Every structure is written in C-alpha cells, then in structure tokens.
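Data block below; observations after.
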Amino acid sequence: MSTTTSAPQSTLVWSDWRSQIQHRITTLEGLRQWVNLTPEEEAAVAACADRYQLSITPYYASLMDRDDPNCPVRLQSMPALQELVVFPNSDNDPVGDTIYRKTNRVVHKYPDRVIILVTDLCPVYCRHCTRKYHTSDTEGTYFGDAASAGWDADFAYIESHPEIRDVLLTGGDPLYLSDTRLERIISRLRQIPHVEIVRIGSRCPVFLPQRITPELCAMLEKYHPIWLNTHFNHPKEITPEAAAACDRLLRHGIPVQNQTVLLKGINDSVETMRALLTGLLKIRVRPYYLYHCDNVVGVSHFMTTIEKGQEIMRGLIGFMTGFAVPQYVLTTPLGKIPLWEPQYSPEDGGSVVNYRGERMSLKDFLPPSTIEGNQP
Ligand SMILES: *Cc1c(COP(=O)(O)O)cnc(C)c1O
Ligand code: SF4
C-alpha cells in the first residue's frame, strides 16, 4: 500500500484496485450503503466485530442483492450469528496446516509440493475461510509474533529440499501484495533449480478483478510456468469484469483453474453447481476441486452433508463436459480425501454403474484376468 498517496476521503476510482481496497467496507454504516440489512445481520455485524474482521470491496458489494439476505454474495461476505456457534469437533486448523508447518510460512504436507503463506490479508474476508483463524480472527494468525520476520528461513527450507518441485503461494491472498513484493518472492523462487512450477492461489478475480492489471500479468509472465487457482463459488460471481480479469491472465499464458467450496445455502444444489461450472468453462476457467467445507471454528454452519455433495456429483458426472466436473474432496490432516470414486466393485464380479445408474458387469467386456487382478 506504500504507493497510495490519495487521502482517505478521496473518491473511489472503480477501475483502480488500490482505490477499491482503500474504500473497502468494514462497518455497519458502510454496509448500509449497499444493502438493506435485516435485524439479524445488524446483530451479527456487532456480535462478530470483536472476533472476526469484516472487509468487502465496493466491487464485490455491488454484486450483493439489496433486499435478499440469502443472496449468495451476501452470505459469503457478511457476518452471521452462527459464526459464534461452536460445532462438535470444530478446530481452528482442522486440516492440519500447523502440523506440517516447517518454517514461519512454509507448509510441507505432500511429497513434492509446498504452500507458502505469504500474507494474512485479503480484500474480502470469506466468512467460510479455511484459514479463518489466520486471515480474519482478530486475535490469531499463524505468523504469531513472526508476522514481519525475514524470509530467509522460508526460502532456505525450499532450497534444501530438492524434492519440492511445485510451490504454491497462498495466504491470505498473495495478490494483496504489490507487484514489487510479489516479484521479489517469485524471482527468488525461480533461482531455485528444482522449483519447476509456481502456483498462485488468489480470489482477486472474484473480489477485485481490477487487481489483475496488464502490469501484473506482464510481470508474472516473465517467470513461467505460473499457474493460478481462483475461487468462484456461485454463478453470480461470473461477471464481465471477472471474465476480463481471467482473460488477461490466460492471454499471458497463465492457466486459470477454480476451487469451489461446497457451501450450504449458497451452492449446494445440482442446478446452481451446473450453472457455476458451465459458466466457468465459458470464461475458459477450468474447474479443479470441489472442497467439502472444513469444520473450522466460525465456519461449520456452512457445512452440508457428504451425501449431499455426492448427490451433486451424481448430477454432474456424465451430464456435462468431462472437464467441467471438479474433484470432490475433503481436506484432512491425512491429506485431501476423494469423496467421489469411480463406481467399480471388483468383489461384485467387476460390476460398474454409469452416470444414469445403469449397471453392467465387466466380465463379458474385458479379459477376466484384468478384472480379477490375477494377471501373470
Ligand atoms: C491442497 C494443498 C496442496 C496442493 O495440493 P494439490 O492437490 O496438488 O492441488 C499443497 N499443500 C497443502 C498443504 C495443501 O493443502
Ligand atoms: S480469499 Fe481465501 S484466504 Fe482470503 S478469506 Fe477467502 S478463503 Fe480465506
């Protein structure tokens, strides 16, 4: 934010991402300019104020329905009283990032790849954030006292582990950092010969598409291969501005993939999910994961059942373009667990079920030895 020179009272310049951040909505009064709040929402804003940060960019606020409290954009960004209800087994870190944390910023959970928590800031704080403790809990962050600590230990860890070939920048939202700071991180990673690909996880295409400037794209392009994963949850978020932001990334050779979180009351229906996924294909964004919502303190009320998620998957597979269908997974301390498996039962004589629920035996279809697993 160091180059922001305008006064706080300056007028909002819609196309300028720094101006959008400067004018982000953080108060009841700010929210009232965009929506007619219900008494419950008013109470929730007050009740959550001590606990979780509130921030909504004017751009994202402009997508909110003024009168419908069940608007999917509102539900993702406005405080709710259920955030203060503690559900069974909920945890600040149910996925175990802290178990696998090797340095202040580096989490090494899978054999060949790491994530780096480059910031704890986001332009909008998702009420369903998996790292809610890190990003918007007013008392917590994984950085602890080390928020401003140097990066040498983080880079040294990656340098000394040649098995790491994939580095994923996450946070918080890495694109909250200036181009200069981002470039310092990425260029340093590029000096490590075994780091083959760099990935960025950012919700800016959804919250702050103005952030995807030609200058940012030109900078990133110098460090290919760069991949970007974003996080659209509802078809309403696929606006012309968001589409243009993704288009800019794609034209600079940065593949854009999407990770959706399955959220109760927001996208937990076959109809909404189909509209989201086909909408993403129209803007050339490839669906990657459908995450079962994590049992994070303050987030659990967004969880639906695994059965519901599987029902949605059954409504997608076979009925739409193969690569429109994401992998439905649950993140655990043991890793991401697929919740949708091919419908094949070897014990049942190699029986399979297709997407319409039609069953057949593979016995008359494949060489029996390839079914029973007794090949020489
Ligand atoms: C999800 C995740 C990754 C990346 O996993 P992919 O399946 O390769 O996308 C890496 N590290 C951690 C800690 C993760 O949670
Ligand atoms: S953008 Fe990502 S890190 Fe930031 S609040 Fe949302 S889910 Fe959390």
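Laboratory data are not the source of any read-out in this text; all were calculated from the coordinates shown. Note that this is a predicted model, so its numbers are computed, not measured. Using ideal geometry, Cβ is built from the backbone for each residue, glycine included, and neighbour counts are taken over all protein chains shown.
Numerical summary
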quantity	calculated
Segment PHE87-ALA244, length gained on full extension (0.36 nm per residue, minus Cα span)	52.6 nm
Gain in span if fully extended, SER62 to SER160, counting 0.36 nm per residue against the direct Cα distance	30.6 nm
Nitroxide proxy distance, nm - points 7 Å out along Cα→Cβ at GLU271 and ASN354	2.7
Computed helical MRE - 222 nm, the chain, DSSP H runs ≥ 4 contributing -39500 (n - 2.57), nearest 500	-7500 deg cm²/dmol
Entries in LYS109/LYS236; LYS264/LYS363; LYS282/LYS363; LYS102/LYS336 that, when Cα-Cα distance is taken, lie over 31 Å	LYS109/LYS236; LYS264/LYS363; LYS282/LYS363
DSSP bridge pairs, the chain: antiparallel proportion in percent, nearest 5	35
Separation in nanometres of the label points that stand 7 Å from Cα toward Cβ, at ASN70 and LEU28	2.6
Exposure rule at most 16 other beta-carbon atoms within 10 Å, DSSP loop chymotrypsin sites (Phe, Trp or Tyr not before Pro): the chain longest free segment	224-318
Using a Förster distance of 41 Å, the FRET efficiency for LYS282-ALA218 (Cβ separation, nearest 0.05)	0.95
Centroid-to-centroid separation of the stretch 234-309 and the stretch 334-369 [C-alpha atoms, Å]	28
Relative frequency of Cα-Cα separations exceeding 30 Å in the chain, percent	42
Charge dipole of the stretch 106-338 about the Cα centre (unit charges at C-beta), most positive-ward option of VAL124, HIS134, ALA243	ALA243
GluC sites (Glu not before Pro) restricted to DSSP loop in the stretch 136-207 with at most 15 other C-beta within 10 Å	GLU139, GLU163, GLU196
Along principal axes, Cα extents of the stretch 7-84, largest first, whole Å	35, 26, 17
Least to most buried among THR141, THR321, THR98, THR57 (fewest other Cβ within 10 Å first)	THR321, THR98, THR141, THR57
ARG284, ARG356 arranged by Cβ crowding within 10 Å, fewest neighbours leading	ARG356, ARG284
Relative contact order (percent, whole number), the stretch 193-327, Cα cutoff 8 Å, 6+ residue spacing	22
Cβ-Cβ FRET estimate between THR305 and SER345, R0 fixed at 22 Å, reported to 0.05	0.45
Exposure proxy ranking, count of Cβ atoms within 10 Å, fewest first, for LEU280, LEU54	LEU54, LEU280
